[in-house]
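I have placed the structure first, in the form of structure tokens, so that the comments after it can refer back to it.
The values are calculated or read from the model by the stated rules, or taken from the named source; none is laboratory data. Being a predicted model, the structure only gives us computed values, none of them experimental. Using ideal geometry, Cβ is built from the backbone for each residue, glycine included, and neighbour counts are taken over all protein chains shown. To get the accessible areas, we keep the full protein, side chains included, count just its heavy atoms, and leave off ligands, DNA and RNA. Shrake-Rupley method; radii C 1.70, N 1.55, O 1.52, S 1.80 Å.
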Amino acid sequence: MNLILWGIVLLGIYVQQSVSEMVECFSSFTLSTGKCGDLLGQVEKNSCCLNPSYGYKEADGVCRFCGRAAWSEWTPWGECSVSCTEGVSQRRRSCHGIGDCTDPENLGTVQTKPCVKQQCCPVKGGWSEWGKWQICSVTCGDGIRKRQRTCSEPIPQCGGSCSGEEEDTTPCSTEIICPTHGGWSSWGSWGPCPVTCLYEGHSLQKELRKRTCTNPTPSTVPRGNDCEGSDTDNRPCSGLPFCPVNGNWGAWTSSTSCSVTCGVGQQTQRRICDSPKPAHGGKQCRGEEQQTGICIILVNCPLNGMWTEWGEWSHCKPPSTRNITCRNREGKRRRERLCVDSQHNGDLCDGEIVQHDNCYEIDKCDMNGVLSEWSEWSYCKPDCGTDSKQIREIKCVADISSYRSQDRTIFTGTPRVKCEDLEEQIERRPCKNVPECVDKSAE
């Protein structure tokens with residue numbers, strides 16, 4: 001790359017500086033070890049060290065610190081310089097960063113202190129003369145015999161020892177023929193399992209294998225020992241599936257309580273497919289797990305009361321002595337209903353027996369007429385046959401626009417309405433797909 005002037009924008013300031021050498025830039029530097037970590041890539045040294053916590057490596061491969069010069073921690077004390085008597089142990093520290101580290105106490109980069117791993121150095125001992133040969137190690141055939149010596153002339157000092165072996169061996173022969181003791185051959189193959197499936201919870205069947213006392217066969221003269229142990233081995237059969245178990249019903253439970261406290265109800269009995277329950281592909285129980293029977297409680301059931309239809313509204317009455325007929329003054333009216341047929345401790349009806357409402361009295365009042373909106377379409381009449389139709393109407397009704405309420409249901413009485421110049425209308429439309437009429441006299 002040619003040397004050029006790079007413009008580096010830092011905190012909004014444009015700075016001109018010369019291109020420096022290329023280095024490997026790392027985003028971390030560990031003072032205690034002097035090692036770089038997390039390689040970012042190759043950049044100019046000046047660019048890398050814009051962050052004083054970064055590290056970099058030049059061509060020599062040594063990791064250097066971008067920050068101000070600082071001492072690393074002291075290393076642990078090293079091993080003592082000798083293994084016995086007095087030596088020295090050292091520890092070191094390094095200066096990393098730009099510039100020189102201050103050292104007001106003149107501690108330097110190395111500290112040395114005395115150390116003693118062992119107060120004395122080992123001194124070797126000397127062997128005694130060999131002892132007498134022991135008897136031959138066997139009573140027939142060929143064996144060995146041994147002799148020994150001790151490290152005692154002189155005795156070693158301060159953990160020292162003698163060089164060489166403390167025991168010596170040599171072959172020996174009894175010139176007597178040894179008997180041959182029996183040895184087992186290898187085990188034969190496992191025999192077949194006597195069953196093809198296992199019943200859960202039962203003892204496992206076993207498979208067998210054999211071996212013979214022929215490796216070697218015991219000698220006759222002199223008589224060798226027979227093999228120790230059994231010539232037969234066994235183990236539980238493995239890999240066999242469980243045998244299928246078909247399910248069977250348990251006993252019926254007692255009947256449940258009757259489902260009602262009066263009249264006719266039901267009782268239920270249950271049974272479970274658990275004597276035994278099916279397992280390992282066995283068949284389910286046949287039949288139903290529940291049976292139901294009728295039960296009768298000879299007691300009349302409560303009959304709750306029911307309301308009759310509301311009666312007719314009473315005449316609209318003034319709340320005081322003032323006349324309300326043909327006037328924009330509210331009156332009061334009431335209607336009643338009855339709670340009937342409550343028997344055998346049945347509940348009474350919910351709600352009020354009397355209903356009160358506001359009203360306007362317009363009976364025999366002279367009132368202007370207005371045309372109503374179209375009414376809703378009526379039901380189809382007649383209920384059968386091709387002539388069934390619906391109708392809707394526009395009628396002349398009393399003009400109540402001067403009253404505070406426009407709810408016609410609260411106006412009572414029959415007024416004298418002037419409808420001479422108003423044209424009432426009626427519309428009819430046929431009903432489709434009405435059932436045909438059936439002549440019941442022909443049935």
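Collect the residues in the range 211-232 that are closer than 11 Å to Gly183 by Cβ and in contact with a strand residue (DSSP E or B) (Cβ under 8 Å, 6 or more places away or on another chain), keeping them in residue-number order.
Residue satisfying the conditions is Arg211 alone.
Evaluate the range 218-233: report whether one residue or more is open to solvent by 90 Å² or more (accessible area, probe 1.4 Å), outside the structural domain of Ile294 (by the TED database), more than 26 Å from Glu289 (Cα to Cα) and not in a loop (DSSP other than H, G, I, E, B).
No, the range 218-233 contains no residue that is open to solvent by 90 Å² or more (accessible area, probe 1.4 Å), outside the structural domain of Ile294 (by the TED database), more than 26 Å from Glu289 (Cα to Cα) and not in a loop (DSSP other than H, G, I, E, B).
Which condition breaks for Gly239 when tested against (1) open to solvent by 50 Å² or more (accessible area, probe 1.4 Å); (2) under 30 Å from Gln119 (Cβ atoms)?
(2)
Between a first residue in the range 73-85 that is among the acidic types (Asp, Glu) and a second residue that is assigned to a loop (DSSP other than H, G, I, E, B), which pairs have beta carbons less than 6 Å apart while being 6 or more apart in sequence or on different chains?
Glu73/Ser32
Going residue by residue through the range 348-355, is there one that turns out to be within 60 Å of the chain's Cα centre (by Cα) and at positive phi?
Looking for residues that are within 60 Å of the chain's Cα centre (by Cα) and at positive phi, one finds at least one in the range 348-355, hence yes.
For the range 78-106, enumerate the residues that are closer than 26 Å to Cys36 by Cα, of a type in the set (A, V, I, L, M, F, W, C) and exposed (fewer than 14 other Cβ atoms within 10 Å of the Cβ).
Listed by number, the list holds a single entry, Ile98.
Could you go through the range 174-189 and let me know if any residue there is assigned to a loop (DSSP other than H, G, I, E, B) and closer than 30 Å to Lys277 by Cβ.
No - not one qualifying residue is present in the range 174-189.
Is it the case that Ser47 is closer than 21 Å to Glu73 by Cα, modelled with pLDDT under 90, assigned by the TED database to the domain that holds Arg92 and surrounded by 12 or more Cβ atoms within 10 Å (Cβ to Cβ)?
Taking the combined requirement at face value, the residue does not satisfy it.
Taking Cys140 as the residue in question, decide whether it is assigned to a loop (DSSP other than H, G, I, E, B), over 30 Å from Val88 (Cα atoms) and out of contact with any strand residue (DSSP E or B) (no Cβ under 9 Å at 6 or more places or on another chain).
Spelling it out, Cys140 is indeed assigned to a loop (DSSP other than H, G, I, E, B), over 30 Å from Val88 (Cα atoms) and out of contact with any strand residue (DSSP E or B) (no Cβ under 9 Å at 6 or more places or on another chain).
Conditions (1) touching a Pro at 6+ places or on another chain (Cβ under 6 Å); (2) open to solvent by 60 Å² or more (accessible area, probe 1.4 Å); (3) more than 22 Å from Gly78 (Cβ to Cβ), marked per residue:
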| site | (1), (2), (3) |
| --- | --- |
| Lys113 | no, yes, no |
| Lys117 | no, yes, no |
| Gly126 | yes, no, yes |
| Trp130 | no, yes, yes |
| Gln134 | no, yes, yes |
| Val138 | no, no, yes |
| Asp142 | no, yes, yes |
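Being surrounded by 15 or more Cβ atoms within 10 Å (Cβ to Cβ), in contact (Cβ under 8 Å) with a residue 12 or more places away in the chain and out of contact with any Ser or Thr (no Cβ under 7 Å at 6 or more places or on another chain) narrows it down to one of Val260, Val245, so name that one.
Val245
Please go through the range 311-339 and pick out each residue that is farther than 30 Å from Arg416 by Cβ and either modelled with pLDDT under 90 or of a type in the set (Phe, Trp, Tyr) (or both).
none
When you look at Glu167, is it closer than 30 Å to Ala279 by Cα and among the acidic types (Asp, Glu), yes or no?
Spelling it out, it is not the case that Glu167 is closer than 30 Å to Ala279 by Cα and among the acidic types (Asp, Glu).
Which condition from (1) open to solvent by 60 Å² or more (accessible area, probe 1.4 Å); (2) farther than 30 Å from Leu338 by Cα; (3) part of a loop (DSSP other than H, G, I, E, B) is the one that Asp350 breaks?
(2)
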